[in-house]
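Each remark here refers to the structure printed beneath this line.
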Amino acid sequence: MKIKVEPFLMKKGNRVAKAAIEFDNGVLSGFHLVGFTICDDSERGLFVLFPASITKHDENGKTKPFFFLRPSDDKQLEQLESAILDSYESMIGRFNAPKAVEAKV
C-alpha cells in the first residue's frame, strides 16, 4: 500500500493537506481510499481526520459520524495515523510536491 499526500495550496482553517491510500496488491489492487485530512491545531498539533459521513441519529437532530474505516483495535488506527503523518512530514519544505510513500502497517 502507498500513502499519497497532497498539501493544500492555501491553508483551509486548520486543514493543511489531504491524503489517500493506494492499494497495490490483492483484491483491492488499483483502488484508492480517499478522504483523509491532515490538520494542524495549536492545541493538538498534527492529527488526521479519517473518512466519515455525518448521520443524524436522534429526534433532536444530533449528528454522529459514521466511519468508513474501522480497525480491530486502536493500535492499528494509531499506526495508520503515524504512517500518514510521516508521509506528510517527509515532504514539508518541498514546494507542494505530492509524494507517494510505501507504508508498512
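The values are calculated or read from the model by the stated rules, or taken from the named source; none is laboratory data. Small disclaimer: the values here were computed from a predicted structure and weren't measured. Here the Cβ is made from the backbone with ideal geometry for all residues, glycine too, and neighbour counts use every protein chain on show.
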Residue under question is residue 38, and the condition is that it be without any contact (Cβ under 8 Å) to a residue 60 or more places away in the chain and more than 15 Å from the chain's Cα centre (by Cα); does it hold? no
Scanning the range 23-44 for residues that are modelled with pLDDT of 90 or more and among the small types (Gly, Ala, Ser), the one farthest from residue 84 (Cα to Cα) turns out to be 26
Which numbered condition residue 6 fails, given (1) in contact with a strand residue (DSSP E or B) (Cβ under 8 Å, 6 or more places away or on another chain); (2) outside any loop (DSSP other than H, G, I, E, B); (3) without any contact (Cβ under 8 Å) to a residue 60 or more places away in the chain: (3)
So is residue 75 modelled with pLDDT of 90 or more, surrounded by fewer than 11 Cβ atoms within 10 Å (Cβ to Cβ) and either in a strand (DSSP E or B) or of a type in the set (D, E, K, R) (or both) or not? yes
Total residues in the range 79-105, condition touching an Asp or Glu at 6+ places or on another chain (Cβ under 6 Å) and modelled with pLDDT of 75 or more: 0
By residue number, the members of the range 9-60 that are farther than 23 Å from residue 71 by Cα and in a loop (DSSP other than H, G, I, E, B) are 13, 14, 42, 43, 58, 59, 60
Only residues that are small (Gly, Ala, Ser) and surrounded by 13 or more Cβ atoms within 10 Å (Cβ to Cβ): list them for the range 6-37, please. 17, 19, 20, 35
